[in-house]
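Chemist: Structure below; questions to follow.
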Amino acid sequence: MKIVLRLDRLMVEKKVSLTELSEAVGITLANLSILKNNKARAVRFTTLAALCTALECQPGDLLECIEDDEQDGS
């Protein structure tokens with residue numbers, strides 16, 4: 001079982017760009033890109049809270065538990 005961020009999907013739904021979200025959350029484009037592409041090994045609760053505030057969502061909207069053998073492209 002692994003946890004993945006569905007930030008890319010939420011950004012499309014909310015029609016927000018990487019640059020806009022980076023400025024709203026207060027993290028660099030590089031770090032936000034790492035989160036968006038599921039390359040992060042950890043996420044600070046403060047970052048998660050800032051993302052939820054900026055995207056007007058709940059943590060469960062951003063995080064998903066999947067089986068290790070499932071594709072990440074859903």
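Chemist: With respect to Ile34, determine if the residue is of a type in the set (Val, Ile, Thr) and at pLDDT below 95.
Modeler: Values: of a type in the set (Val, Ile, Thr): yes; at pLDDT below 95: no.
Spelling it out, it is not the case that Ile34 is of a type in the set (Val, Ile, Thr) and at pLDDT below 95.
Chemist: Residue by residue through the range 26-41, note down the ones that are more than 11 Å from the chain's Cα centre (by Cα) and hydrophobic (A, V, I, L, M, F, W, C).
Modeler: Of everything in the range 26-41, those that are more than 11 Å from the chain's Cα centre (by Cα) and hydrophobic (A, V, I, L, M, F, W, C) turn out to be Ile27, Leu29, Ala30.
The values are calculated or read from the model by the stated rules, or taken from the named source; none is laboratory data. Bear in mind the structure is a predicted one, so any value in this text is a computation, not a measurement.
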